[in-house]
Amino acid sequence: MNAPVKQMPQQDPFRILVSAVLSTRTQDPVTAAASTRLFRLARDPGVLSRLNPTRVQKLIFPVGFYRTKAQLLPRLARMLVTRWGGKVPRTMTELLELPGVGRKVASIVLSQGYGLPAIAVDTHVQRITNRLDLARTSRPIETERALMEVLPRRVWKDWNHLLVALGQTICRPRQPLCPVCPISRLCPKRGTAPNNRRQKLDAGS
């Protein structure tokens, strides 16, 4: 069972940054298609900074909040050009200064773009971390802090990638496929219904 893990260009912090911004409130296939269209035209911050928001809007539709993102992406690119010489900053503090960038997006850039220790908490990480009882939290910032306490620093950058793959295929929001989960014996399954824990894998799922 192959996981449709987010495919962000490796070792290209700019593309990772833009793709991560596009991915918020958006399904992964839609993000991938929109990113491909945008990068065909805007290959670097300089080009993106000069694009008209109306043009960007047409390229990224139908990502979530596409109108807002079409306005902020050229602004983000201009900030990269004017403040950091077209380079993507590599600290959490600086990344959070960029429009449209929160801790999750910043952590994705740090971990996937620069290989730095950072934990990006999305819905999959939030859900599975609580099911594993590694944290009992309801807010991403609380989950991030809890994971930093219990996980070795060397695995921080891989945590999001691994849990997204698990969450998209097995540890789903509803009806998780616990019988085929590779870590089922280690998981207390906190918050899952008993019938979900015992369910058999449906044919063809």
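Every number in this text was worked out from the coordinates using simple rules, so none of it is lab data. Since the structure is predicted, the reported quantities are computational estimates derived from the model, not experimental observations. Reconstructed Cβ throughout: ideal geometry from the backbone, glycine too, with neighbour counts over all protein chains shown.
Here are a few things to note about the model shown:
- Net charge of the neighbourhood of LEU98, taken over other residues with C-beta under 11 Å away and scored Lys/Arg +1, Asp/Glu -1, is +1.
- Dipole magnitude (debye, nearest 20) for region 123-198, charges at Cβ of Lys, Arg, Asp, Glu: 240 debye
- Stretching GLU94 away from GLU149 to a fully extended chain increases their span by 17.4 nm, per 0.36 nm per residue minus the current alpha-carbon distance.
- In the chain, helical runs assigned H by DSSP with n ≥ 4 each contribute -39500 (n - 2.57); averaged across all residues and rounded to the nearest 500, the mean residue ellipticity at 222 nm is -15000 deg cm²/dmol.
- Using the Cβ of ILE141 as centre and a radius below 15 Å, the other residues enclosed give a net charge of +1, where K and R count +1 and D and E count -1.
- Most positive-pole-ward Cα, SER35, PRO188, PHE61, against dipole of the chain from beta carbon charges: PHE61
- Amide N of region 114-144 lying under 18 Å from the label point, which is placed 7 angstrom from the Cα of LYS87 along Cα→Cβ: 114-117
- Fraction in percent of alpha-carbon pairs per bin - 5 Å, region 13-114: 2, 15, 26, 28, 20, 8, 1
- Membrane-span-like helices in the chain (whole DSSP H runs, Cα extent of at least 24 Å along the helix axis, mean Kyte-Doolittle hydropathy of at least -0.5): 66-84.
- Partners for LYS58 among aspartates and glutamates (Cα-Cα distance below 20 Å; same-chain residues under 8 apart left out): ASP28, ASP44
- Size of electric dipole in the chain: Cβ of Lys, Arg +1 and of Asp, Glu -1, about Cα centre, debye, nearest 20: 340 debye
- Cα-Cα pairs of region 29-176 separated by more than 23 Å (percent): 44 percent
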